[in-house]
Amino acid sequence: MLELILLVVTGVATGFLNVMAGGGSMLSVPIMIFLGVPGTVANGTNRIAIMPQNISAVWAFYRKGFSNFKLSLSLGACTIPGTLIGAHLASRVPNEQFNSLLALIMVVVLIVMSLPQPKTIEVHQSPSKSRLIIGHAAMVLIGFWGGFIHIGVGFLLMPALNRVMQLDLITTNAHKVFIVMCYTAVALLVFANELELIWKYGIALGVGTWIGAWIAANMQIKKGIGPIKATLNVVIVAFIIKLLFF
């Protein structure tokens, strides 16, 4: 019971961070590993939790009028080929190698999170045809990363949507959560077919991510996230040390 409560609380933090900034799955995947779940299974089980997080955020953005489902769906569809390949490969990585790979990825994402963020582009007009083509092409590679590990995918989606396609930040986030919802559904099917997922853990995390994502989508701003990210960085460093050396 305590494990499930811990996962719900972790899910709230994960959902909030994923929608608001990114990097939340650097909490949810390691916490399952520390609870004794094999790394590849934790990676797959995490997709159960990601789905309600993004459904919650998509609904919240829709209610506030920030939705363009036609564009979101076409972008999301482009992630599917890469997702199928990425999820299939991830399900076949040996657990010891996966833990080391996870630690390395977390180091890289932690560095990216710590770097000064480039100035965002605030525009509201529709993207040009050339930018739409480039943006859709980028989704294939982003789908592979999302299918394989998901961690840090927000740091790929945000530049693709905001800087390449020149969408404003709120619209960027609205598209981001819809795209992640699309490829996560496909990745979850692959993992469920190839691995024995722990559904009670995924559902417990999912309850939390739903709440956290709803809060983040309704806030729609990054104000006050600094202390949360600082705490996240400390926890992530501890996770990395544990994955590599213990």
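The values are calculated or read from the model by the stated rules, or taken from the named source; none is laboratory data. Predicted model, so just to flag it, every value in this text is computed and none were measured. Heads up, the Cβs are rebuilt from the backbone with ideal geometry, glycines too, and the neighbour counts pull from every protein chain shown.
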Those residues that are touching a Leu at 6+ places or on another chain (Cβ under 8 Å) and among the β-branched types (V, I, T), I need them from the stretch 24-49; list them, please.
V29, I31, I33, T40, V41, T45, I48
Only one of T172, T184 is hydroxyl-bearing (S, T, Y), crowded, with 17+ Cβ neighbours inside 10 Å and in contact with a Lys or Arg (Cβ under 7 Å, 6 or more places away or on another chain); which?
T184
Subset of the stretch 77-91, residues in a helix (DSSP H, G or I), surrounded by fewer than 23 Cβ atoms within 10 Å (Cβ to Cβ) and of a type in the set (G, A, S), comes to A77, G82
Matching residues, the stretch 9-64, being on the phi < 0 side of the Ramachandran plot, outside any helix (DSSP H, G or I) and not charged (D, E, K, R):
A21, G24, L35, V37, P38
Could you tell me whether F34 is surrounded by fewer than 24 Cβ atoms within 10 Å (Cβ to Cβ), aromatic (F, W, Y), at pLDDT 90 or above and touching a helix residue (DSSP H, G or I) at 6+ places or on another chain (Cβ under 8 Å)?
no
Flag for G65 being out of contact with any strand residue (DSSP E or B) (no Cβ under 7 Å at 6 or more places or on another chain) and either basic (K, R) or surrounded by 23 or more Cβ atoms within 10 Å (Cβ to Cβ) (or both):
no
W145 vs (1) within 11 Å of the chain's Cα centre (by Cα); (2) within 22 Å of L7 (Cβ to Cβ); (3) surrounded by fewer than 24 Cβ atoms within 10 Å (Cβ to Cβ): all pass except (2)
Looking at (1) within 14 Å of the chain's Cα centre (by Cα); (2) free of Cβ contacts under 8 Å to residues at least 60 places away in the same chain; (3) crowded, with 23+ Cβ neighbours inside 10 Å, find the lone condition where L167 falls short.
(1)
Take the conditions buried (at least 23 other Cβ atoms within 10 Å of the Cβ), among the small types (G, A, S) and within 24 Å of S100 (Cα to Cα) and apply them to G23. Does it pass?
yes
Hey, K200 hits all of (1) more than 17 Å from Q53 (Cα to Cα); (2) at pLDDT 90 or above but one; which does it fall short on?
(1)
